[in-house]
There are 2 protein chains.
Amino acid sequence: DHIVICGWNPTARELIEELKGDEFKARVVIIHDVEHNPAGSGTYFVRGDPTSGDDLRRAGIEDAAAAVICPSDSSNDADMRSILSVLAIETIAPEVRTVVEVNNPKHVEHFERAHADEILVTPRLASRLLARSALYPGLASLVTDLVSGGQGSELYRVRVPDHLFGETPGALATLLRSNHNSSLIAVTRDGISHASPPADFMLREGDCAIVVAESLTALAPLQAEHALSGARSPVARPA
Amino acid sequence: DHIVICGWNPTARELIEELKGDEFKARVVIIHDVEHNPAGSGTYFVRGDPTSGDDLRRAGIEDAAAAVICPSDSSNDADMRSILSVLAIETIAPEVRTVVEVNNPKHVEHFERAHADEILVTPRLASRLLARSALYPGLASLVTDLVSGGQGSELYRVRVPDHLFGETPGALATLLRSNHNSSLIAVTRDGISHASPPADFMLREGDCAIVVAESLTALAPLQAEHALSGARSPVARPA
Ligand SMILES: [Ca+2]
Ligand SMILES: [Ca+2]
């Protein structure tokens, strides 16, 4: 249940820093075709080609929980190599969750055909935020803060409490605002997030809420976790 | 009141695509040291060095509303050139809003000392979203959808209606949920966004709300605009 990182770039470097932190317990294997491990100590390193089935097997892809594929540079060629990596992994071990960083939005359809599980077009995300920042101060920094986990309010995931089963999302929103000074953003059910769920979207067991809140403490005694770091509420009950 | 784009990379390419769209009316000038305009028709091009005061003046930096500085590649050297560009622009024309894409989070302090107005560390943002995607399906795609303006719920900015001046953020949240099926994320005042404002943060004239909603139509008759595209509500009153 380790994570395989295919390729190396600044995103991969930041990802390693984050995964090395206390909050994650995941083992990390890097496949990259250079002499020395670019990620340093605390990680496993396979020198090889992340489009090669043999090299992916050497990195234990068949037992991995997820693979993160990062383009080696910002070229279209790098996207092509990433497509080949996704294709290889989804053929050898389709149950592995493939998460890929894409340079060019025109290539998204190819990644979808290769069955990538999650696709992040970083330049598109960055350009949206930069365009907002250039024209309308204040909004982009809010989004960045929420996502990047600095100081201030952040995103948390909260288990919907039993007494709200059968109630509306509005009842949940009122509880969160009145008792926890936090905002409901979406309800997550069966792995899908529903932002602004309608009033007839009745809450049920297993539902989670994505909320913006000041801290885990503000959310107690709800069962909550920090959505972007995985840190658990000190009052969490076992799932 | 044009926008100057310094340097060229996939983020700049996406930004041009977005700024060329109908919703923005901004004129765009690119400064980059290549023979032909990489952005094609509909944009102005200055062949030059975006760290040079003379070349920045040729791009009309003194009359620009904003400058977006993009690193030419993912190296530390590219960040160094971006720092020199910010320093040049903030010296020549400090009232220009400088918005910079940064490769390495270690360089943020240098950009702050050069008085960059907004700093986006793209690899950090991407790595946070990719880490979430690898371990907890559903959340990263929600954030990406909200930010990247695809289908489904999106972020809007809403002017706080007069009858709520003097009321609490909770009253605003209740109105938004009950009448517009939307979620309050933050209140923006004097260019600063306050996520989860406390109950004693009394609303006043000029305040705006950042909300997640299905559509501009759902928000009518509130005065609203699409926070990530700038599209205005058809029922908007003049500001
Ligand atoms: Ca898969
Ligand atoms: Ca400035």
Checklist entry - If r is the Cβ-Cβ distance from B:E167 to B:D1 and R0 is 35 Å, what FRET efficiency results, to the nearest 0.05? => result 0.45
Next on the checklist: Take chain A, mark every one of the GluC sites (Glu not before Pro) that falls in a DSSP loop and has at most 16 other Cβ within 10 Å, then report the longest stretch left between them, sites excluded.
Outcome noted: A:96-166
Checklist outcome for this item: Sorted shortest first, the nm distances from the A:E109 label point (7 Å along Cα→Cβ) to its counterparts in the other copies are 4.8
Next on the checklist: Cut-off under 19 Å on the C-alpha distance; same-chain residues fewer than 8 positions from A:K106 excluded. Which lysines are left, in chain and number order?
Outcome noted: B:K20
Next on the checklist: For chain B, take the longest principal axis of its alpha carbons; what is the angle in degrees between that and the long axis of helix B:169-180, to the nearest 10 within 0 to 90?
Outcome noted: 80
Item to check | Size of electric dipole in the protein assembly as shown: Cβ of Lys, Arg +1 and of Asp, Glu -1, about Cα centre, debye, nearest 20 | outcome: 720
Checklist entry - Which of the listed residues, B:F165, B:P105, B:L216, is farthest toward the dipole's positive end in the protein assembly as shown, when Lys, Arg count +1 and Asp, Glu count -1 at the beta-carbon? => result B:F165
Checklist outcome for this item: Output row for B:D1: copy-to-copy label distances, label 7 Å along Cα→C-beta, ascending, in nanometres, one decimal, is 5.6
Item to check | Nonlocal amide H pairs with B:I119, under 5 Å, H built at 1.01 Å | outcome: B:V100
Item to check | Charge dipole (region B:1-118, unit charges on Cβ, about Cα centre) - positive-most of B:S41, B:C6, B:L19 | outcome: B:S41
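Each reported figure results from applying straightforward, stated rules to the coordinates on display, with no laboratory input. Given the structure is predicted, the values throughout are model-derived calculations rather than measurements. Virtual Cβ from ideal backbone geometry, glycine too; neighbours counted across all protein chains shown.
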